[in-house]
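To start, the structure under review is shown below, and the notes come after it.
Laboratory data are not the source of any read-out in this text; all were calculated from the coordinates shown. Predicted model only: the values in this text are computed from it and were never measured. With ideal geometry, Cβ positions are generated from the backbone for all residues, glycine too; neighbour counts draw on all protein chains shown.
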Amino acid sequence: MQNSKLILGLCAALVAASAFAQATVTVYSQNPAPGDQFTNPGPTNQGSNFGNANWVYNNTRGGGSVGIRNNYPRSGNGSAYFNSTSGSGKADIEYFFDPQNSGGNFVPNQLNPNSILGTLNQLTHLSYEWYRDSISTAPNHLHPVLRLGILRVNQDNSTNLGYLVFERIYNNLSTLTNSWQSDDIIGSNYGLWATASLGFGDPNLNFYQVFKTIPDWLNAANAANATLYVISVNAGIGSGWNGTFTGAVDNITFGFNNTYTTYNFEVVPEPASMVALGSGLIGLLGLRRRKR
């Protein structure tokens with residue numbers, strides 16, 4: 001990826017919102033019940049566009065599965081479902097302003113300045129709900145994680161790409177099973193760890209060097225004369241999770257400058273249900289006319 005292209009037009013893309021605003025958007029599966037299930041048995045990350053303008057199934061490999069399904073309904077008839085059958089499995093659902101297919105996986109459109117969602121210091125909301133099924137055999141602390149895709153732009157205009165990752169265990173929080181849990185990363189000032197590709201250090205060598213709250217990440221970026229831009233929001237499982245894992249996420253909320261959106265994942269209604277609904281409405285209209 002030629003990351004420097006993504007820097008073009010940043011000023012136009014980062015106009016701060018002046019008013020407080022909240023919205024809820026329903027993200028539907030492509031298929032009716034039980035919903036979608038995208039699986040990639042191969043070792044290379046692959047994604048799938050399921051018809052939404054922003055959300056894609058992404059970074060799926062090693063037999064991992066992801067899809068909006070009705071296995072664990074939350075706030076409606078569905079949620080984003082995840083499954084992995086071995087330690088090599090991985091699967092994500094990811095938001096980009098303008099996702100582009102690159103070798104079968106999805107990345108932000110480098111030529112669209114709106115691919116920059118905002119700067120990290122403009123991020124005012126970040127939360128989600130998640131579920132771990134007790135049938136999972138992966139280590140007990142593991143749960144679907146929440147990630148921020150980050151573009152780091154350095155003083156010399158060189159760039160780094162990577163993720164800031166939220167996991168409960170590093171915030172001294174336990175992981176429960178068979179019930180929906182909620183985490184507010186911004187409101188609780190939780191820490192996130194940085195992948196080595198962001199250039200702040202290697203978590204495999206010195207984890208707590210790269211584990212910071214968002215205010216501390218901003219201080220670290222300032223000290224390095226770098227700016228951190230958010231280019232995606234990602235929830236997922238796997239990558240070295242030994243054992244099996246089954247779970248889900250829903251109601252992912254994020255936003256900048258106090259303008260934020262909650263994304264509720266639902267299974268698209270079956271066509272027969274829509275026809276029945278339409279017939280019922282027509283019947284009600286007929287009854288209303290007869291009463292006049």
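Details
- A dipole drawn for segment 19-291 from +1 and -1 charges on Cβ atoms has a positive end, and of Leu205, Thr44, Ala194 the residue lying farthest that way is Thr44.
- Gain on full stretching of the segment that runs from Thr175 to Ser75 - 0.36 nm per residue minus C-alpha separation: 33.9 nm
- Calculated log₁₀ intensity ratio I(q)/I(0) where the Debye formula runs over C-alpha points of the chain, q = 0.09, 0.14, 0.16 Å⁻¹: -0.45, -1.04, -1.35
- Asn114-Asn140 pseudo-label distance in nm [points 7 Å out on the Cα-to-Cβ vector]: 4.7
- Comparing Ile231, Asn157, Leu218 along the charge dipole axis of the chain, the residue lying farthest to the positive side is Ile231, per the Cβ-charge model.
- Relative to the longest principal axis of the Cα atoms of the chain, the long axis of helix 271-291 makes an angle of roughly 50 degrees.
- Fewest-first ranking of Ile186, Ile169, Ile93, Ile150, using other Cβ atoms within 10 Å as the exposure measure: Ile169, Ile186, Ile150, Ile93
- Between segment 120-195 and segment 200-262, the alpha-carbon center distance in angstrom: 5
- Gained length - Ala33 relative to Asn49, 0.36 nm times residue gap less alpha-carbon distance: 4.0 nm
- Residue of Asp216, Asp98, Asp183 that the Gaussian network model of the chain assigns the largest fluctuation, springs spanning Cα pairs under 10 Å: Asp216
- Based on Cα contacts under 8 Å between residues 6+ apart, the chain shows a relative contact order of 27 percent.
- Only Lys, Arg (+1) and Asp, Glu (-1) charged, at Cβ; the chain dipole about Cα centre in debye: 980
- Choice from Asn31, Asn206, Asn59 with maximal GNM fluctuation in the chain (Cα, 10 Å cutoff): Asn206
- Relative to the longest principal axis of the Cα atoms of the chain, helix 214-223 runs at roughly 40 degrees.
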